[in-house]
Each structure stands twice: as C-alpha cells, then as structure tokens.
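A.B. asks: Have a look at this one.
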Amino acid sequence: MDSANSGRVKVGIVVGVEHGDFGMWKNIPTAMLPTTYVEAVRRAGGTALLFPADGDVAENPDQVLDLVDAVILAGGRDIGPATYGHSAHAATAEPDTARDLAELAVARRALELDIPILGICRGMQLLNVAFGGTLDQHVPDSLAHDDHAAHDGVFGKHEVTLVPDTDAAGAYQSDTATVYSAHHQGVGRLGAGLTVSARSVPDGVIEAIESPAHAFALGVLWHPEQDPTTPLFRAFLDHIDSRARHQRTGS
C-alpha cells in the first residue's frame, strides 16, 4: 500500500482468542490484544488494524497484507511446539493453534513480499519459527533463574547489548538499552538467514534477531510497547515511510 496516499501508516496485528467477562457474559471467547500495542503504534504516528485469527487468514494471508503497510507480531501465549516439530515441555502453556497458524501464514507471506515485520516477545519467537528455527521452551532450565519473567503482573527490567550496524542498534541509536521483559521461552536453533542483534546482560540470552536479506524483519524478545519512551516503533514507522517514498520515486 502507498501510505502517503491513504493517510497514516497502517500496521496489521493478528490477535488470538482468550476468555473474558463482559457484564452478564462470563468466560466467553474473545479476540483481544492489550491496548498498549495500539497506543504504541498511535504514538509513533501509525494506525493499528486488528485481525482475528482464523482459518481464512491462515489459508489466505493476503487478505490481511493487502490492507496494511507493515505487520507487528505481538506478544501472547506460548507458541505450539508442533509448529517447529517438537513435543511440549512441561512448562509450555496450551497453545492458541488458530493464532499460531494464522500468524505463521501472515509472517511467511510478508517475508515473501518483503513487507516490514516487527516481532515482539512471542512475535520474535514466531519470526524465528517462520525462518525454520526452534524455541527453547523454558529458558530458566539453562539459566537457573527466571529473572526474564513477569512476576505478579509486573514486567521485569534488564539491560541488553545491541550489535552495531543492525536494525536493532539503529533504532535505539546506542549499543545498549534498558528493556521490559516478560518471557520464559526464547530462541532455540536460530532460523536460517537470521542474525542475532541483541543479547541480555549478564546472561547472554538472545534478545533480538533480524534478517539482513529483508528490508525490515526484526524481532525483539522484550516488550517495547510497555515503554512510552521507546524509539523502536518510531524507527519502524520511519522505515515504512522511507520505503513508500522510494517506491514512489523509484530510487
């Protein structure tokens, strides 16, 4: 899409199903996403378009991608290990299979079309799976601590080191950043063609991955939507605007 001719940059986000209470209605299946993602996109100058995950999206991801300029793969429930050929760890939560399949289809098609992608936490993990990688289903097993997890609904905070000359470092304009964390899974085998662009301090967990072969395909294990001062969403949208200008001028 030409975002300059259609107003604000449109960012598509596939949302999964959870259960919620609404007035007299209790524990009903609900397509939902924390508004922190929507607000983060809005603050950066874009508009978030939400797409409930279903079989139609999995079968035809173009119906989503035809409407947007870019894609965010948001955080959420653990990805089903069947998507990368593994059995479930005891600590792995029940997956939202419809969301797994829909997001994988959208991510893989977006990569084919070189549509910009930003993956966040689960979204970074899904990006790795889309490139043929696997997941470490319970990072505390190897770290002997769970400092990366949220506790009592409060995100953790820690430092990451950013690899120079990567999209991650370019977004933060620094070689370090303090980030919000809430995960127990991470990268297992790195997907083909991906590079590591950030690691946690001091334990070295892979915190960002990206594809040099694509215009913008970046995943971060942290939660930038929790930080109103993060430069990441603005950098993401700036890239999309620049891409649209180049497409118009042919430069």
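The values are calculated or read from the model by the stated rules, or taken from the named source; none is laboratory data. None of these values were measured; they are calculated from a predicted model. Ideal geometry is used to build each Cβ from the backbone, glycine not excepted, and the neighbour counts take in all protein chains shown.
A.B. asks: Exactly one condition in (1) of a type in the set (Val, Ile, Thr); (2) buried (at least 22 other Cβ atoms within 10 Å of the Cβ); (3) more than 24 Å from THR230 (Cβ to Cβ) is not met by ILE28; state its number.
C.D. replies: Only one criterion is unmet by ILE28, namely (2).
A.B. asks: Any chance you could count how many residues in the stretch 149-166 are at pLDDT 95 or above, surrounded by 12 or more Cβ atoms within 10 Å (Cβ to Cβ) and over 14 Å from ARG199 (Cα atoms)? Talk me through it step by step, then tell me what you get.
C.D. replies: Restricting attention to the stretch 149-166, the residues satisfying the condition of being at pLDDT 95 or above are 159-166.
Narrowing further to those that are surrounded by 12 or more Cβ atoms within 10 Å (Cβ to Cβ): 159-163, 166.
Still in the running and over 14 Å from ARG199 (Cα atoms): none.
Result for the stretch 149-166: 0.
A.B. asks: Which of (1) of a type in the set (A, V, I, L, M); (2) within 29 Å of THR166 (Cα to Cα); (3) modelled with pLDDT of 95 or more does ALA88 not meet, given it meets every other one?
C.D. replies: Result: ALA88 passes all but (2).
A.B. asks: Can I ask one more? Among the residues of the stretch 96-118 satisfying the criterion of being charged (D, E, K, R) and not in a helix (DSSP H, G or I), which is farthest from VAL68 (Cα to Cα)?
C.D. replies: Top of the filtered list is ASP96.
A.B. asks: Pull up the stretch 96-139, narrow it to residues that are under 20 Å from ASP167 (Cβ atoms) and among the polar types (S, T, N, Q), then point me to the one that is surrounded by the fewest Cβ atoms within 10 Å (Cβ to Cβ).
C.D. replies: ASN128
A.B. asks: Six or more apart or on different chains, Cβ atoms under 8 Å: show the pairs whose first residue is in the stretch 215-229 and closer than 28 Å to GLU112 by Cβ and modelled with pLDDT of 95 or more and whose second is polar (S, T, N, Q) and in a helix (DSSP H, G or I).
C.D. replies: Every condition considered, the pairs that remain are GLY219/GLN125; GLY219/ASN128; LEU221/GLN125; GLU225/THR36.
A.B. asks: I'd like the residue in the stretch 124-162 that is of a type in the set (A, V, I, L, M, F, W, C) and in a helix (DSSP H, G or I) and, out of all such residues, is farthest from PRO81 (Cα to Cα).
C.D. replies: So, considering only residues that are of a type in the set (A, V, I, L, M, F, W, C) and in a helix (DSSP H, G or I), the one farthest from PRO81 (Cα to Cα) is LEU143.
A.B. asks: Are there any pairs, at least 6 apart or on different chains, whose C-beta atoms fall under 7 Å, with the first in the stretch 163-184 and at negative phi and in contact (Cβ under 8 Å) with a residue 60 or more places away in the chain and the second buried (at least 19 other Cβ atoms within 10 Å of the Cβ) and of a type in the set (Val, Ile, Thr), and if so, which?
C.D. replies: Going by the 7 Å Cβ cut-off, the qualifying pairs are HIS184/VAL139.
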